[in-house]
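Some notes on the structure that comes next.
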Amino acid sequence: MTHAAGPPPIKSLLLSELETTLAELGQQPYRARQVMRWLYAKRAKSFAEMTDLPAPLREHLAQAFHFDDLQAVRTLGSGDTTRKFLFQLADGALVESVLIPASPALYGEASDRRTICVSTQVGCAYGCKFCASGLDGWSRNLHTGEIVDQILRVEELSGEKINNIVFMGMGEPLANFENVMRAIAIINAPWGIGLGARHITLSTSGLAPQIRQLADHPLQVRLAISLHGATDEVRQQLMPVNRKYPLAILLDACAYYTQRKKQRLTFEYILIDGLNDTPGQAEALARHASRLTAKVNLIPYNEVEGLPWARPTVRRQEAFLRVLKNAGVAATIRREKGHDIAAACGQLRLQTKRAMDGADKSFAESPNAE
Ligand code: SAH
Ligand code: SF4
């Protein structure tokens, strides 16, 4: 378990681990279930609230574990009620989570889902050219409790029950594999958040070895691949990771995943004007998707301040989609929700961080400012 120095965060623990820890203290195993019920069913905010535990045990737990709580420093709502939460972690780092009320073109079938998009790292080391998360580089991995807490805090702040989780916030989830898989185990467990694995989607920029590792993992989560270029030449311009794992290697790992999991992958494909939105790219993308019977999610580019790219016209977007459909590929254009609140990956954090680094430090002192 990876976390910052100090006592381990309680929300990073699996039930079996807590049982072992409590057994070492001479406690009955059922105490561990009680603690988990307080954490995930009753949503306690401290050990002191766990009133059916003996007081000395509560005190011991408070000493032995960190009850990690994210501090909401900014909350933004938008016209379409997509809400964005900027959290400050114990060490002052900022991460963001987005609550999307309905996501017909995203990962499930139903359109009345409440989806949360969670972050897995502070910053990102992969430096995709179009993405705000990578602009300031990578600082650290989130520990499991910080990932799990994003869900608990967003449910608490919004008053809504989340029924779909996408790992599409800041960071590359497969580069923080152990902590992310542990978070998924807690999200999925009946003693934890209790959300079905099919309602959990991991998105990756294409770390081929970890895709294979995930294929061999028993959990049936969904997987989305951020493709964004259908040839090495184009993909390389946008995503440095393509030099390490070129398309042939990435697509082989995808084929392995599909075969092992008997599950359809999703290709995410941002449409950037004049760069990857040509008919040639659409045809190449259609070939890859057909080979893997993958779905394609087209995402009109969300403009990022300081970056030169633009989203293509709706006509160009539709033309790209038509090529895929004519080739028999299941494809949709994601009509971006939350465009007006900088909902794309890492954008709110970047804006806030720049403001905080500059003259205006008021965000940190005014929780839920907006
Ligand atoms: N690192 C992972 C998950 C986080 S990024 C990955 O790359 O898949 C989640 C999604 O947001 C990716 O598909 C990413 O390409 C997309 N994204 C990033 N910046 C964007 C932007 N400016 N406009 C639209 N989508 C963006
Ligand atoms: Fe990192 Fe994903 Fe952004 Fe690329 S798109 S920089 S991998 S968060």
**Asked** So D112 fits all but one of (1) open to solvent by 30 Å² or more (accessible area, probe 1.4 Å); (2) modelled with pLDDT of 95 or more; what number is the exception?
**Response** (2)
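Among L174, L214, which is modelled with pLDDT of 95 or more, over 27 Å from N276 (Cα atoms) and in contact with a helix residue (DSSP H, G or I) (Cβ under 8 Å, 6 or more places away or on another chain)? I'd like the intermediate steps shown before the answer.
Working: L174 fails: over 27 Å from N276 (Cα atoms).
Sole residue among the options that is modelled with pLDDT of 95 or more, over 27 Å from N276 (Cα atoms) and in contact with a helix residue (DSSP H, G or I) (Cβ under 8 Å, 6 or more places away or on another chain): L214.
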**Request:** Only residues that are open to solvent by less than 70 Å² (accessible area, probe 1.4 Å) and at pLDDT below 95: list them for the range 299-326, please.
**Result:** I299, P300, Y301, N302, V304, L307, W309, A310
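Table: residues versus (1) modelled with pLDDT of 95 or more; (2) open to solvent by 10 Å² or more (accessible area, probe 1.4 Å); (3) among the small types (G, A, S); (4) farther than 17 Å from K11 by Cα.
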position: E49; (1), (2), (3), (4): yes, yes, no, no
position: T75; (1), (2), (3), (4): no, yes, no, yes
position: G79; (1), (2), (3), (4): no, yes, yes, yes
position: F85; (1), (2), (3), (4): no, no, no, yes
position: I100; (1), (2), (3), (4): no, yes, no, yes
**Fill in**
Selection from the range 16-37 of residues outside any helix (DSSP H, G or I) and out of contact with any Asp or Glu (no Cβ under 7 Å at 6 or more places or on another chain) yields L25, G26, Q27, Q28
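Which one of H66, H3 is buried (at least 16 other Cβ atoms within 10 Å of the Cβ) and modelled with pLDDT of 90 or more? First the steps, then the outcome.
Numbers: H3 fails: modelled with pLDDT of 90 or more.
Exactly one of H66, H3 is buried (at least 16 other Cβ atoms within 10 Å of the Cβ) and modelled with pLDDT of 90 or more, namely H66.
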**Asked** Could you say whether any residue in the range 143-154 is touching an Asp or Glu at 6+ places or on another chain (Cβ under 7 Å), at pLDDT 95 or above, away from ligand 1 (no atom under 16 Å from the Cβ) and over 22 Å from T82 (Cα atoms)?
**Response** yes
**Item:** Residue in the range 200-211 that is surrounded by 22 or more Cβ atoms within 10 Å (Cβ to Cβ) and at positive phi present
**Value:** yes
**Asked** How many residues are within 16 Å of ligand 2 (Cβ to nearest atom) and of a type in the set (K, R) when one looks only at the range 193-222?
**Response** 0
**Asked** Within the bounds of the range 314-325, is there any residue that is within 16 Å of ligand 2 (Cβ to nearest atom) and either within 26 Å of A208 (Cα to Cα) or touching a residue at least 40 places away in the same chain (Cβ under 8 Å) (or both)?
**Response** no
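Given the structure, is T258 under 28 Å from N164 (Cβ atoms), open to solvent by 10 Å² or more (accessible area, probe 1.4 Å), among the hydroxyl-bearing types (S, T, Y) and touching a Leu at 6+ places or on another chain (Cβ under 7 Å)? Can you show your working first?
Details: under 28 Å from N164 (Cβ atoms): yes; open to solvent by 10 Å² or more (accessible area, probe 1.4 Å): yes; among the hydroxyl-bearing types (S, T, Y): yes; touching a Leu at 6+ places or on another chain (Cβ under 7 Å): yes.
Considered against the rule, which asks whether it is under 28 Å from N164 (Cβ atoms), open to solvent by 10 Å² or more (accessible area, probe 1.4 Å), among the hydroxyl-bearing types (S, T, Y) and touching a Leu at 6+ places or on another chain (Cβ under 7 Å), T258 comes out as yes.
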**Request:** Taking A344 as the residue in question, decide whether it is at pLDDT 50 or above and under 16 Å from K84 (Cβ atoms).
**Result:** yes
**Message:** Return the residues of the range 31-47 that are open to solvent by 20 Å² or more (accessible area, probe 1.4 Å) and aromatic (F, W, Y); say none if nothing qualifies.
**Reply:** W38
**Item:** Whichever residue in the range 229-240 is touching a Lys or Arg at 6+ places or on another chain (Cβ under 9 Å) and open to solvent by less than 10 Å² (accessible area, probe 1.4 Å) and, among such residues, is farthest from ligand 2 (Cβ to nearest atom)
**Value:** A230
**Prompt:** What is the one condition in (1) open to solvent by less than 80 Å² (accessible area, probe 1.4 Å); (2) within 16 Å of ligand 2 (Cβ to nearest atom) that G274 does not satisfy?
**Reply:** (2)
**Message:** Looking at the range 167-180, can you tell me whether even one residue there is aliphatic (A, V, I, L, M) and farther than 17 Å from A125 by Cα?
**Reply:** no
**Item:** Single match in A286, A282, A248 (criterion: within 26 Å of Q220 (Cα to Cα), open to solvent by less than 30 Å² (accessible area, probe 1.4 Å) and among the small types (G, A, S))
**Value:** A286
**Request:** Would you confirm whether any residue within the range 203-213 is under 22 Å from L70 (Cβ atoms) and not in a loop (DSSP other than H, G, I, E, B)?
**Result:** yes
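Each row is one residue, and each column tells you yes or no for (1) of a type in the set (S, T, Y); (2) free of Cβ contacts under 8 Å to residues at least 60 places away in the same chain.
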position	(1), (2)
G145	no, no
G169	no, no
P190	no, yes
Y257	yes, yes
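The values are calculated or read from the model by the stated rules, or taken from the named source; none is laboratory data. On a predicted model such as this, the values are computed, not experimentally measured, just so you know. Heads up, the Cβs are rebuilt from the backbone with ideal geometry, glycines too, and the neighbour counts pull from every protein chain shown. Ligands, DNA and RNA are stripped out before the accessible areas are found, and what is left, the full protein with its side chains, is counted by its heavy atoms. Shrake-Rupley method; radii C 1.70, N 1.55, O 1.52, S 1.80 Å.
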